[in-house]
1. Go ahead and set up a Gaussian network model of the chain, Cα springs under 10 Å, then flag whichever of HIS72, HIS105, HIS132 fluctuates most.
2. Using the 10 angstrom Cβ neighbour count as an exposure proxy, how do ILE179, ILE185 rank, fewest first?
3. Binned at 5 Å from 0, what are the whole-percent values of the Cα-Cα distance distribution for the chain, short to long?
4. Fewest to most neighbouring Cβ within 10 Å: what's the order for MET193, MET1, MET80?
5. Within segment 137-246, which GluC sites (Glu not before Pro) sit in a loop by DSSP and count at most 13 neighbouring Cβ atoms inside 10 Å?
6. To make sure I understand, if each residue's beta carbon is the centre and we count other beta carbons within 10 Å, what order do LEU52, LEU227 fall in, fewest to most?
7. Count the DSSP beta bridges whose two residues both fall in the chain, then state the antiparallel fraction as a percent rounded to the nearest 5.
8. So what is Rg over Rh here for segment 140-248, counting just Cα atoms and using Kirkwood for Rh?
Amino acid sequence: MARRKLVAGNWKMHGSLGSLSELDGVAAAARQAPGIDVAVAVPFTLIAPAALRVPGLAIGAEDVHEAERGAHTGCVSAAMVKEAGATFTLAGHSERRADQHETSHDAWAKAAAAHRAGLRVILCCGETEAEHNAGRAERVVQSQIEKSVPDDADGDWFTLAYEPRWAIGTGRTPTLEQIGAMHAIARAKLATMIGDRAQAVRILYGGSVTGDNAGAILAVEHVDGALVGGASLTAAKFVPIIAAAADA
Ligand code: 13P
């Protein structure tokens, strides 16, 4: 089945009002590539100004709380980021799993809450370097998917991102064969959970994607786009990835 490619940026804890000008070039590149989807997840404080500045570009959050409201000091709900202009959120990013000790169950609850609030979701999974070296990557990713993908996931609102932690921010990437194998495993796992709807769910690759390697990675079967950290921070680095996806 043909799935539209999605190139999503993740600014992490980077950026300021001044750097929103980078999104002008990203939005222009997205307009030049009507056959694919482009999105950027930004820190909470930049969602509203980004959404106002580039209304044609999908702006998202990097996380949401699983509750609708309540006594959760310092947290932000899905409805809040939606009101600020977000159309999607990330959930279960490996940095939140590592730094905030979030579990796959937490990622599930956040994804479900975001969907209830009307947001799209990019849910992240991926093994650590130790798990990779121990030959456990497949089982870890299958288990993360099992525990974090909501039962009602479908391609309209749900996207999976496979991000091996050892490839994030390191300049190292798996081989194309390894990426293809893991994406096929991920889709097969999704199919055991949500049946035929798995065919329409996009599975992004993330981890040290650049303008140089994007073309080859995006040509791999079952790779439906990229989740990009460092190279999404400037238009100069992000636009070539958008162009590679448009050509893939
Ligand atoms: P890098 O592209 O900087 O490796 O980050 C990937 C990532 O974590 C995106 O969510």
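1. The residue with the greatest mean-square fluctuation here is HIS72.
2. The fewest-first ordering by Cβ neighbours comes to ILE185, ILE179.
3. For the chain, the pair-distance distribution reads 1, 7, 15, 20, 21, 18, 12, 5, 1, 0.
4. Ascending Cβ contact count within 10 Å gives the list MET1, MET193, MET80.
5. Loop-located and lightly packed - GLU221.
6. LEU52, LEU227
7. 0 percent
8. 0.97
Bear in mind these aren't lab numbers, they're just calculated from the coordinates by the rules spelled out. In this text the structure is predicted, and so the values were computed from the model without any measurement. A quick note on method: Cβ atoms are made from the backbone with ideal geometry, for glycine too, and the neighbour counts reach across all protein chains shown.
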